[in-house]
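Nothing in this text is a laboratory measurement; each read-out follows from the coordinates by a stated rule. Every value quoted in this text rests on a predicted model; they were computed, and no experiment measured them. For neighbour counting, all protein chains shown are included, and Cβ atoms are generated from backbone atoms with ideal geometry for every residue, glycine included.
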Amino acid sequence: MEKYDVLFIGAGQAAWNGAIPMAQKGLRVLVIEKDKFGGVCSNRGCNAKILLDRPFLLKHITDQMQGRVFENQLTVNWADLMAVKQQVIGAQDANNRNKLIRNGVTVIRGEAKFIDNQTVQVHDTDYTADKIVIAAGTRPHQLTIVGNEYLHFSDDFLDLPEMPTRLTLIGGGLVATELASISAEAGAKVTMIVRDAQLLKGFYEKYVTTVTAALQALGVEILYQTTPSKIDQTDDGLVITTNNQQLSPVDYIVDATGRTSNADQLGLENTDVICDENGWVKVNAYLQTNVPQIYATGDVTNHQQPDITPVAAFESKYLGHVFTHEIDTPIVYPIVPRVVFTIPRLAQFGVMPVGTISDGVDENGHTIKQLPSQNDWFKLIQNETASEITLVYDQAGYLIGAAAVGYAAEDEINGLLPYAQLKMDRQAMDQFVWLFPTLQYMTSRNV
């Protein structure tokens, strides 16, 4: 039996961000990956999505500038775009695997199964370690309805060789909304089936309304408080029956109703590890399961944090510090921002306004300040009239939350985040000298 100091199950952000520093500091580290090194984000998620989205953002901006700056409209060739995406993303698996090896991490491609609390088996070979980290991530959730064999998932969408003419997305969360934006910009007739009464639950409602209006302007039909019950194949396409009606035939259906923990595929029944009622691995403030030598990081856990790549990376780095005895304190999460890569983007962090107030003091006593796009010449040149930033301050005057909608909302929120995380007052903020003219300068002067 081979023995290591640390063994990771999974090779995504929740693993390699900690595995590499551990190996660099002398620990014997093994990473086992059954699919592609780098995980979902690198191969079938964030990176692929942004490669497909970015050209449509550029096209959208130039469309907004027609008659002002540009004279000829751009077109996006989906087949060419997909070829570029495949070229870039196709190299990620090997790149991520080689990065681990270069930094002294041992890697195995294969499916890991627990034999007991100390042992993992791959290809009929047993491995043990002083510490085992479950970083196995998630997979798409599949609806249990009649005809679910006709459903596709976000993984499939991101590999589409041609954009379907008629496309339906089931779901109203981040993934469904982002894919609706890409599809509609690409010219598809898009329908969204949404269980709730609005899109993007948990995001600032005022800016959700802005994103929703942008989708509808592209022709996206949004069916709220609707759930599918069955799918039938007809001569004219796939027909979805819902709780409200039978829908018109479509060519392609994406199930974007969430993701499911991969913990049930690891043989945890052979261990004493406890998962919650939804299958997420239960961890304490040290990312430790109820079995002392087994830890878990990233989306597979019940960590009560957004299931996003930066959180998984943060947790992995934390274990890197703990396992190399640099710290022995519980994990303390920073302010975690969130973003929806639609056109326009929606990004936010921290406390959001309560009620309908635009400027002034809200129901919780927080001061609200809104910055419309008319105050920013970068947005004016792009004819970006729907852009806006909302800032939230506590009673002591510290920035505790911000939301932005616009073509560069993610960059604006990233620029504001340090002010809130470091609890900087006006005097501290004034110690920065920003490059000028830049979007960051324009944002910082209004904080």
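Couple of notes before you dig in:
- For the range 344-444: rounded, prolate or oblate by the Cα gyration tensor [a/c cutoff 1.5]: oblate
- Each other residue within a Cβ distance under 14 Å of Ala396 adds +1 if Lys or Arg and -1 if Asp or Glu, for a net charge of 0.
- Loop-located GluC sites (Glu not before Pro) in the range 1-87 (DSSP state other than H, G, I, E, B) with a sparse environment of at most 13 neighbouring Cβ atoms within 10 Å: Glu71.
- Judged by the ratio a/c of the largest to the smallest principal axis of the C-alpha gyration tensor, the range 60-219 counts as prolate, that ratio being 1.5 or greater while a/b is larger than b/c.
- Computed from the alpha carbon atoms alone, the convex hull of the chain holds 175 Å³ per residue.
- Only Lys, Arg, Asp and Glu carry charge here, each on its Cβ (+1 for the first two, -1 for the last two); on that basis the range 55-113 has a dipole of about 420 debye about its Cα centre.
- Ellipticity estimate at 222 nm from DSSP helix runs (n ≥ 4, -39,500 (n - 2.57)) divided over the chain, nearest 500: -9000 deg cm²/dmol
- Antiparallel bridge percentage (DSSP; both residues within the chain; nearest 5): 55 percent
- Shown here for the range 332-394: GluC sites (Glu not before Pro) in loop regions (DSSP other than H, G, I, E, B) with at most 15 other Cβ atoms within 10 Å, namely Glu363.
- Of the beta bridges in the range 148-257, as assigned by DSSP with both residues counted there, near 40 percent are antiparallel.
- When the C-alpha to C-alpha distance is required to be over 31 Å, the pairs from Lys36/Lys230; Lys113/Lys317; Lys3/Lys99; Lys34/Lys206; Lys49/Lys423 that qualify are Lys36/Lys230; Lys34/Lys206; Lys49/Lys423.
- Proximity of backbone amide H atoms, modeled 1.01 Å from N, is registered between Val107 and Val31 at under 5 Å, excluding neighbours fewer than 5 places apart on the same chain.
- Tyr224 versus Thr75: modelled label distance in nm, points set 7 Å from Cα along the beta carbon direction: 3.7 nm
- Whole-Hz ³J(HN,Hα) from phi, Karplus 6.51 cos²θ - 1.76 cosθ + 1.60, for the range 125-131, glycine and proline x: 10, 8, 10, 9, 7, 4, 9
- Across q = 0.10, 0.13, 0.16 Å⁻¹, the range 148-257 modelled as identical point scatterers on its alpha-carbon atoms has Debye log10 I(q)/I(0) values of -0.25, -0.43, -0.66, in the order of the q list.
- Of the three principal axes defined by the Cα atoms of the range 1-151, the extents in descending order read 69, 48, 20 Å.
- About its Cα centre, the dipole of the range 64-211 is roughly 380 debye, where the only charges are +1 on Lys and Arg Cβ and -1 on Asp and Glu Cβ.
- Loop-resident chymotrypsin sites (Phe, Trp or Tyr not before Pro) (DSSP state other than H, G, I, E or B) in the range 376-447 with no more than 15 further Cβ atoms inside 10 Å of their Cβ: Tyr398, Phe432, Trp434.
- Gyration tensor verdict on the range 256-375 (Cα atoms; rounded if a/c is under 1.5, prolate if a/b is larger than b/c, oblate otherwise): prolate
- Sequence-separation-based contact order of the chain, relative, with Cα cut under 8 Å and 6+ spacing, percent: 15 percent
- Taking every C-alpha pair closer than 8 Å and separated by at least 6 residues, the mean separation divided by the residue count of the range 84-158 gives a relative contact order of 12 percent.
- The residues neighbouring Glu221, those whose beta-carbon lies less than 14 Å from its own, together hold a net charge of +2 under the Lys/Arg +1, Asp/Glu -1 convention.
- Relative contact order (%) - criterion: Cα under 8 Å, at least six apart; region: the range 148-257: 36 percent
- From phi via Karplus (6.51, -1.76, 1.60), per-residue ³J(HN,Hα) for the range 29-44 in Hz, x at Gly/Pro: 10, 10, 10, 10, 9, 8, 10, 10, 5, x, x, 5, 4, 6, 10, 9
- Taking the average, over residues, of other Cβ atoms within 10 Å as the packing measure, peptides 12-20, 253-261, 285-293 rank 12-20, 253-261, 285-293 from highest down.
- Asp5 sits among other residues whose Cβ lies under 11 Å from its own Cβ, and their net charge, with Lys and Arg +1 and Asp and Glu -1, is +3.
- Here the chain is treated with +1 on each Lys and Arg Cβ and -1 on each Asp and Glu Cβ, and its dipole about the Cα centre works out to around 900 debye.
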